[in-house]
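Accompanying notes for the structure given below.
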Amino acid sequence: MRVVTRFLAALGVLLIVTMPALSAQHPQTRQGFWIGFGLGYGSAHATCDGCGSTNEGGATGFLKLGGTLSPQILLGGAVNAWYKSSGGFKESVGNVTASVYYYPAPATGFFLTGGLGFSDYDLRDGASITGTGWGFTAGAGYDIRVGRNISLTPVANFAYGGVGDLSSGGATVTTGWKQSVIDFGLGITFH
């Protein structure tokens, strides 16, 4: 965990230092279809009826794609996922949303995003405990142009899920399940 934190901090400093030079080489233009994906690290928090709360660190990933409405607004779909494997347990949290990406000053590459959709929880240790409910995402990022149609995209995201009941083998094992993930990642976006 400490190694991942140091790596992400060093990567952040490197991006901040090189961002002006990279951005000056390629203008921020957005048109037509776009797709992006990336990896990172995040903290998942969960609560339920009759149980305490948990906080766990794990790997994160995202996939996003869609179309351009204007230089300031992109519409699309996004998948945000968190995963941890420890002691024979494999735990994952995910959100699938219809999302809007808003660039307040399109020439800078900075954007805000938000989406509404579904959230999923899955825990496996031989048996499976799962649940699906509503969810939303919110975040911010920065497209750093490194090519005519390619950007490095550091992001910070928040994903929430009101999953409700978790079940195993058709039987309810937990009620009132709520989950959230805060993550930081780095991706590649093709415009």
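Each reported figure results from applying straightforward, stated rules to the coordinates on display, with no laboratory input. Since the model is a prediction, treat every value here as computed from it, not as a measurement. Positions of Cβ are generated from backbone atoms using ideal geometry, with glycine treated the same way; all protein chains shown enter the neighbour counts.
Details
- Positive-end residue, the range 2-190 charge dipole about Cα centroid, Cβ charges, pick of G176, S151, F89: S151
- Mean projection of the Cα convex hull over all viewing directions, computed for the range 2-190: 11.3 nm².
- For V79, net neighbour charge (Lys/Arg +1, Asp/Glu -1) across residues whose Cβ lies under 15 Å away: -2
- Straight-line reach from K178: taking Cα to Cα under 18 Å and skipping same-chain neighbours fewer than 8 places apart, the lysines in range are K84.
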